[in-house]
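The values are calculated or read from the model by the stated rules, or taken from the named source; none is laboratory data. What you are looking at is a predicted structure, and each value in this text was computed from that prediction instead of being measured. Neighbour counts run over all protein chains shown; Cβ positions are idealised from the backbone, glycine included. For accessibility, only protein heavy atoms count, side chains too; no ligands or nucleic acids. Shrake-Rupley method; radii C 1.70, N 1.55, O 1.52, S 1.80 Å.
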Amino acid sequence: MFRNQYDTDVTTWSPQGRIFQVEYAMEAVKQGGCAVGIRNKTHAVLAALKLSQDADLSSYQKKVFKIDNHVGIAVSGLIADGRILCRYMRNECLNHKFVYESPLPVARLVRDVADRHQVATARSWKRPFGVGLLCIGHDQTGPHLFQTCPSGNYWEYYAIAMGARSQASKTYLEKKLDDFEKCDLDELVKHALRALEESCGTRKADDKDGKLTKQNCTVALVGEGKPLLVLDGDDIAEYVDAIHSEQEEATGAAAAEAEMSIDTSQGGDGAGDLPSVPTQAPTTETGAAGGDGQAEEQQPMEEG
Amino acid sequence: MIPHCQLPSHIATGPHVSPFVSHNEAGAPYGDHRSEDVHVPANPASVPFAVAPSTDKGEVAMGEPRKHTTTPYVTGNSVLAIKYKDGVLMACDMLGAYGSTKRYKSVQRIIRVNDTTIVGASGEISDFQYISNLLEELMTQDFCYDDGCTMTPSEIHAYLCRVMYNRRNKMDPLWNSLVVAGVDKNGKEGNKSFIGSVGMLGTSYTDSHVATSFGNYLSRPLFREFQRDDMSLEEAVSLMQEALRVLFYRDKTSINKFVLAKVDGEGVAISKPFALDTKWDFKAFMNPSKHAVGSW
């Protein structure tokens, strides 16, 4: 549990120049259920894999939230922390609407949320938020997709995935990136779901055979003249069925694709220019920070 | 001017002094000029605003609400604005009147807020300076966010409504009537002109043409008859000049020194001060008392 003497609070640096509490928080994001976001010139979509304590006995935890008519988020990590940020974002949007009678620009909202993340890393009596957000929205500058991180960093993307086994999704997104720009909303949703399915894995706890079902995923979409829509359950069945039947039609190709994605996810850092947060390359610092870090970080990934 | 004898001296000695501020020699932060011989417009009822200043000139009796600014001092008069084909025009004179004295004659009452918006104000000049600072802060924020979003005229209009209404609720109104005009470039169907008005109580409306104070009576009838949203710039300018001329002829607190501001897709342009040709040598003016038989 206690790796070293420098991880008891967020304001203590390790001699190597790391702040372990922040890195642990980012680790929590990596272990959350996968979420995928894509945007093109007209729309932005989110797809998220919902985890459940027990697929048979409990419901799935909600992790895509509508913030306002033009903004939605997907949460990976500690969903309870995510709901705090969700409430904050809803408040900000309402206040802006009250004062200016117009929707809050997405980039400003995300920056304010990132600032909240950051402040939590700089106060000795606080702890970092254990969540990363994917935030989609549409404003006067068009559709947007942002990712926030417990460290206070945030990035804008054309497509991104985060959470458990998200590397597989990222590989899919990188491969299909050029297709997103010209495809319509339905096709964009399907791309997001296909990317998400790459990250389903084959875990006993949350799904039987690593397939998307209408119960275990959520989609949110927004675009010009299209208020944010969160699709769940039966609303999403059509999309899920569609990608599955397409896959069956081209089983050979699908199998090849699945193989590829497994390859790359094992390759780890090989995928290259993803947003590099310090914890993404713990292997390089094993010698300096103590070898115990490595083993610990791998283990919860499997339990998740 | 202010009948001190009616009030206990410890309660109030001037129109702006709260009873909670000690007013001995040492404690008075502003010296004497605020306490005794403050120049107040002789008859507050003559000040042309929608709500008459309170009869007690802002003095506060114990247990009464505080009334900080219930009398305007230096005021500007009408502001006019009309839409035309490519954008909006706004105009007003440059007078800062001290009561009915034409005290300051180079007061810029139209400000550029950003590339798409201008705001004009009638009423208390110092309150308008405060509002200008608020807007300046907003624009600084826009700049600092650095995300390519700028405020639209309608957002600024909504913001000013909130500010004005908020101050009214504090019983401390900003004594202005504001006109917000500009072009919204974010719409799908191209540039969209916007003109909105905000009253001192936070009342607001939008229209194709707007005027404040006397302009409501003297200029808007002209606008109603001649203004069209698709009129050319030349037509709009000459209509505006005509409206200004009428205002100057009939409004006592106005001067023949105007500014005209324009917002279109290109940006904001505010003119240098100019004067209009006027004609006063009418025959009827030669012997003004001729038709006023039986007065003095």
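Out of A:VAL106, A:VAL64, I need the residue that is at pLDDT 95 or above and in contact with a His (Cβ under 9 Å, 6 or more places away or on another chain). Which one?
A:VAL106
Return only the number of the condition from (1) in contact with a Cys (Cβ under 7 Å, 6 or more places away or on another chain); (2) within 16 Å of B:TYR84 (Cβ to Cβ) that B:GLY202 does not satisfy.
(2)
In the set A:GLY72, A:GLY33, which member is under 24 Å from A:LEU231 (Cβ atoms) and either without any contact (Cβ under 8 Å) to a residue 24 or more places away in the chain or not in a loop (DSSP other than H, G, I, E, B) (or both)? Working first, answer last.
On the way: A:GLY33 fails: either without any contact (Cβ under 8 Å) to a residue 24 or more places away in the chain or not in a loop (DSSP other than H, G, I, E, B) (or both).
Step by step, each of A:GLY72, A:GLY33 is checked, and only A:GLY72 is under 24 Å from A:LEU231 (Cβ atoms) and either without any contact (Cβ under 8 Å) to a residue 24 or more places away in the chain or not in a loop (DSSP other than H, G, I, E, B) (or both).
Being more than 13 Å from chain A (Cβ to nearest Cβ), in contact with a Leu (Cβ under 8 Å, 6 or more places away or on another chain) and assigned to a loop (DSSP other than H, G, I, E, B): is that true of B:MET200 here?
When the stated conditions are applied, B:MET200 passes them.
Being under 17 Å from the mean Cα position of the chain (by Cα), over 21 Å from A:LEU49 (Cβ atoms) and in contact (Cβ under 8 Å) with a residue 40 or more places away in the chain narrows it down to one residue among A:VAL131, A:VAL219, A:VAL113, A:VAL189; which is it?
Numbers: A:VAL131 fails: over 21 Å from A:LEU49 (Cβ atoms); A:VAL219 fails: over 21 Å from A:LEU49 (Cβ atoms); A:VAL189 fails: over 21 Å from A:LEU49 (Cβ atoms).
Among A:VAL131, A:VAL219, A:VAL113, A:VAL189, only A:VAL113 is under 17 Å from the mean Cα position of the chain (by Cα), over 21 Å from A:LEU49 (Cβ atoms) and in contact (Cβ under 8 Å) with a residue 40 or more places away in the chain.
Can you name the number of the only condition in (1) touching a Lys or Arg at 6+ places or on another chain (Cβ under 9 Å); (2) away from every other protein chain (no Cβ under 14 Å); (3) not aliphatic (A, V, I, L, M) that A:SER14 fails?
All conditions are met except number (1).
Conditions: (1) more than 22 Å from A:VAL22 (Cβ to Cβ); (2) within 14 Å of chain B (Cβ to nearest Cβ). A:ASP68 meets all but one. Number of the miss?
Against the list (1) more than 22 Å from A:VAL22 (Cβ to Cβ); (2) within 14 Å of chain B (Cβ to nearest Cβ), A:ASP68 comes up short only on (2).
Here is a list: A:ASP9, A:ASP56. Which entry is of a type in the set (D, E, K, R) and free of Cβ contacts under 8 Å to residues at least 40 places away in the same chain?
Details: A:ASP9 fails: free of Cβ contacts under 8 Å to residues at least 40 places away in the same chain.
Going through A:ASP9, A:ASP56 in turn, the sole match is A:ASP56.
If I ask for residues that are exposed (fewer than 15 other Cβ atoms within 10 Å of the Cβ) and either more than 22 Å from B:GLY96 (Cα to Cα) or small (Gly, Ala, Ser) (or both), which ones from segment B:243-270 would you list?
Step one: of segment B:243-270, the residues exposed (fewer than 15 other Cβ atoms within 10 Å of the Cβ) are B:249-250, B:252, B:265-267, B:269.
B:GLY265, B:GLU266, B:GLY267, B:ALA269, listed by residue number.
What are the residues in segment A:2-26 that are touching a strand residue (DSSP E or B) at 6+ places or on another chain (Cβ under 8 Å) and more than 24 Å from A:TYR154 (Cβ to Cβ), if any? Full working, then the answer.
Step one: list which residues in segment A:2-26 are touching a strand residue (DSSP E or B) at 6+ places or on another chain (Cβ under 8 Å), which gives A:25-26.
The answer is none; no residue qualifies.
Determine the pairs where a residue that is free of Cβ contacts under 8 Å to residues at least 60 places away in the same chain, located within segment B:270-296, has a partner that is assigned to a loop (DSSP other than H, G, I, E, B) with Cβ atoms under 7 Å apart, the partner being 6 or more residues away or on another chain.
B:ALA275/B:ASN256; B:ALA275/B:LYS257; B:LEU276/B:ASN256; B:THR278/B:ASN256
What's the number of the condition B:PHE282 fails, among (1) open to solvent by 80 Å² or more (accessible area, probe 1.4 Å); (2) touching a strand residue (DSSP E or B) at 6+ places or on another chain (Cβ under 8 Å)?
If we test B:PHE282 against (1) open to solvent by 80 Å² or more (accessible area, probe 1.4 Å); (2) touching a strand residue (DSSP E or B) at 6+ places or on another chain (Cβ under 8 Å), just (2) comes out false.
How many of the residues making up segment A:172-186 are open to solvent by less than 20 Å² (accessible area, probe 1.4 Å) and within 18 Å of the chain's Cα centre (by Cα)?
Residues meeting the conditions: 2.
Any chance segment B:145-162 includes a residue that's within 21 Å of the chain's Cα centre (by Cα), more than 23 Å from B:ASP207 (Cα to Cα) and of a type in the set (Val, Ile, Thr)?
no
Does segment B:168-181 hold any residues that are over 16 Å from the mean Cα position of the chain (by Cα) and open to solvent by less than 50 Å² (accessible area, probe 1.4 Å), and which are they?
Hit for segment B:168-181 is B:ASP172, nothing else.
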